[in-house]
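A.B. asks: This is the structure I have questions about; it appears just below.
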Amino acid sequence: MSDSEKNYQFWNPQETLHDTGSSNSVNPGSSPSLDAHDPESFGAVPLSVALIGPDEQRRREAAAALALCQGATVREFPHYPPGLDDVPRILEEHNDVIIIDLDSSPEYALELVESLCANGPATVMVYSSKADPELLVRCMRAGAREFLNPPFNRSTMAEALVRAAARRSAIRLPKKTGGKLLVFLGAKGGSGVTTLACNFAVSLALESGQSTLLIDLDLPLGDAALNLGIVAEYSTINALQDSGRLDTSFLSKLLVKHSSGVSVLAAPGKFPQFQASNEAIDKLLTVARQEFDNVVVDVGSRLDLTGTALFKDAYTIYLVTQAGIPELRNSNRLIGQFFTSGGPKLEIVINRYEPRGMGVSEETITKALTRPAQWKIPNDYAAVRHMQNTATPLVMEDSPLSRLIRQMAISVCGQRATPRKKKGFKLFGKQSGG
C-alpha cells in the first residue's frame, strides 16, 4: 500500500461516525460524578474522540466501550498517520481526545503521542495489551494522560473521559496574565536563602490573602519542606521530569498545603539523578503563574538557572547576602554580571545584620554592593533555631526579624501593615508556639 493510499484511508475512516448520544439511564454502581450515562459529566458540548488503531479487533473493542459512554462522538481511523508531518492535520480536526493503539508500532506510536501532546491541547490516551511499567512511564513522559488495557470496560473508559472533559473545561477558561514571580538567590551557600524564602511566602499569603506557591528549586538538597514541617509525597523533580504533560491540574497533584495557606512544591527527599532543562523549568514557572497570584522560588545559590525565566520574568529578585567579605565579593560579581543592564528588579537583602559587630563599615558594604541594601534582616540565632526545631515560621511570632520580613511581603502586595497577635501554630495536630 502506498503512502498516499494510507493517507487517504487515515483521513477517510472506514467506519461511520459513532455518536453515543445521551441517555437518562444511570448505572447503579457508579459514582454520580463519573456517570458515563450522564451527559453533564462531559459538559454541555459532547467530547469529540479520534480512535487510531491499525489492529482492527482491538480498535473495535475500544470503540464498543466508548459507545457505552453517552456524550462522546467517536471517529475511528484504521491507520497511523504516514508520518509526524501529518500531526498538524490531525490537530486541525480539534478533537478533544485522541486514543492511540500502542502495540501495532510502539516506537512510532510514542513519537506520535509526544508530537500531539507538544503541539495541541487534545487529551491523548493510549491502549496496550502489555502491562509493562517501563512502557507506561515512557507514555506518561511523552504526555499521555491515560494508559488503558484491554479488555476495555465502560466504567474505566467513562472515568477517563470525565477527566478529559474536566481538562477541556480548564483549558477553555481564560488564563491569568501571570502571577508575580519572586525569586530568592543567595550570594553564597549558607546565606539563609531558604529561611527567608519560606517565611516571606508565609507572610505574603497571610498579608495579601492571595494564592501563593513556594517552589524549592535549590536542587538536589533543598529543605524548604523541612523548614515548614511538612512531608511531601511528590517533588519538583516529578514536575520537571514530566514537563510534557505539566498543566495546572497535574501541578496541583504534586503540591502539599501548609497550614498558613501556602502551597509548596518541595525538593525531593532522596538524591535524584536528574538534570532539568531550561525549557522544563520555564514550563513549570509558566504553569505555576497561571494558577497562583504569587510564585516564590528558592533557588539557593544556583547560577546555572540564569538562562531561565527566573532571571527574565521575575517581578523581583531578592539577592540574599551577609556583611562578610566573601559574601560581599560574590554579591559584587553577581550584580556586575547580571543586574547592571536592566532586567528584573533587584532588591538586596543583608541577612544576619549586626550593625555593631560586623567588622565592615556601612560605606564599604554600599560600595561593594554598588547600591544601598533595601533590607537588613537582624541576626536572631535563637529565633531561627526555634523555627527549625518546631517548624513554626518566624513570621507567626512578633519579633524585629519577623517584622522586617512582613514589611518585605507588604511591599509586594501593597497591604497596610497591621499589628499581628502572637498565636500558636498547629503542627501534626499539636499546638506549638508561645
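A.B. asks: For the stretch 217-301, which fully contained helices (runs of 4 or more DSSP H) count at least 2 residues that are within 29 Å of residue 322 (Cβ to Cβ) and of a type outside the set (Asp, Glu)?
C.D. replies: Filter on the stretch 217-301 gives 224-228, 278-291.
A.B. asks: Something else: Could you please let me know if residue 185 is closer than 20 Å to residue 266 by Cβ, assigned to a strand (DSSP E or B) and touching a Ser or Thr at 6+ places or on another chain (Cβ under 9 Å)?
C.D. replies: yes
A.B. asks: Looking at the stretch 268-283, I want the residues that are at pLDDT 80 or above and have a partner that is loosely packed, with under 14 Cβ neighbours inside 10 Å with Cβ atoms under 7 Å, at least 6 apart or on another chain. Which pairs are those?
C.D. replies: Cβ pairs passing all conditions: 278/307.
A.B. asks: Next question, about the same structure. Could you say which residue among 430, 426 is charged (D, E, K, R) and either at pLDDT 80 or above or surrounded by 11 or more Cβ atoms within 10 Å (Cβ to Cβ) (or both)?
C.D. replies: When all the criteria are applied, what remains is 426.
A.B. asks: Any residue at all in the stretch 140-153 that's modelled with pLDDT of 90 or more, surrounded by fewer than 22 Cβ atoms within 10 Å (Cβ to Cβ) and under 22 Å from residue 303 (Cα atoms)?
C.D. replies: No: zero hits.
A.B. asks: Could we say that residue 352 is more than 25 Å from residue 180 (Cα to Cα), part of a strand (DSSP E or B) and of a type in the set (D, E, K, R) here?
C.D. replies: Taking the combined requirement at face value, the residue satisfies it.
A.B. asks: So, one more: If residue 167 meets every condition in (1) touching a Phe, Trp or Tyr at 6+ places or on another chain (Cβ under 9 Å); (2) surrounded by 18 or more Cβ atoms within 10 Å (Cβ to Cβ) apart from one, which number is that one?
C.D. replies: It fails just one condition, (1).
A.B. asks: Scan the stretch 129-151 and report the pairs whose first residue is farther than 18 Å from residue 240 by Cα and whose second residue is assigned to a loop (DSSP other than H, G, I, E, B) and β-branched (Val, Ile, Thr), with Cβ atoms within less than 6 Å and a gap of 6+ or a chain change.
C.D. replies: No pair meets every condition.
A.B. asks: Taking only pairs six or more apart or across chains, which ones have beta-carbon atoms under 7 Å, a first residue in the stretch 379-402 that is assigned to a helix (DSSP H, G or I), and a second residue that is exposed (fewer than 14 other Cβ atoms within 10 Å of the Cβ)?
C.D. replies: Correct list of pairs: 396/423.
A.B. asks: Ok, one more. Being part of a loop (DSSP other than H, G, I, E, B) and polar (S, T, N, Q) is the filter; apply it to the stretch 332-349 and report the residue that is modelled with the lowest pLDDT.
C.D. replies: Filtering first and then ranking leaves 341.
The values are calculated or read from the model by the stated rules, or taken from the named source; none is laboratory data. What you see is a predicted model; the values in this text were computed from it and never measured. Glycine also receives a Cβ, built like all others from the backbone with ideal geometry; neighbour counts cover every protein chain displayed.
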